[in-house]
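Chemist: The structure follows.
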Amino acid sequence: MGKFAERLRTCRKKKGLVQEDAAHMLGFRYSTYRRYEQGGTEPDISEAARIADFFGVSLDYLAGRTDEP
């Protein structure tokens, strides 16, 4: 699992959401969101920015470039 997938999962769990709820709230299909968390694929930059905003973290944090959310 890549850093993005790991951080995405951590953010979701901290917010107390299951994958289906996070996907719905972010406007993604469940299968797409699940692949992001499993590391099968990563979102494009605009989707990643939307995810970062939703979870209140930086893109650098999600990408693993910093440990500071």
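A short reminder: the numbers here are calculations on the coordinates, not readings from a lab. It should be emphasised that the depicted structure is a prediction, and the values quoted were computed from it without experimental measurement. Cβ coordinates were reconstructed from backbone atoms using ideal geometry, including for glycine residues, and neighbour counts include every protein chain displayed.
Chemist: Which is the longest part of the chain that has none of the trypsin sites (Lys or Arg not before Pro) sitting in a DSSP loop with at most 16 other Cβ atoms within 10 Å?
Modeler: No qualifying site falls inside 30-64, the longest such stretch.
Chemist: Per 5 Å bin, what percent of the C-alpha pairs of the chain does each bin hold, from zero upward?
Modeler: 3, 19, 33, 31, 11, 2
Chemist: Normalised by the number of residues in the chain, what is the relative contact order in percent for Cα pairs under 8 Å and 6+ residues apart?
Modeler: Taking the mean separation of contacting Cα pairs over the length of the chain, I get 38 percent.
Chemist: If you take every residue apart from Arg34 with its C-beta less than 12 Å away from the C-beta of Arg34, what net charge results, scoring Lys and Arg +1 and Asp and Glu -1?
Modeler: That works out to +2.
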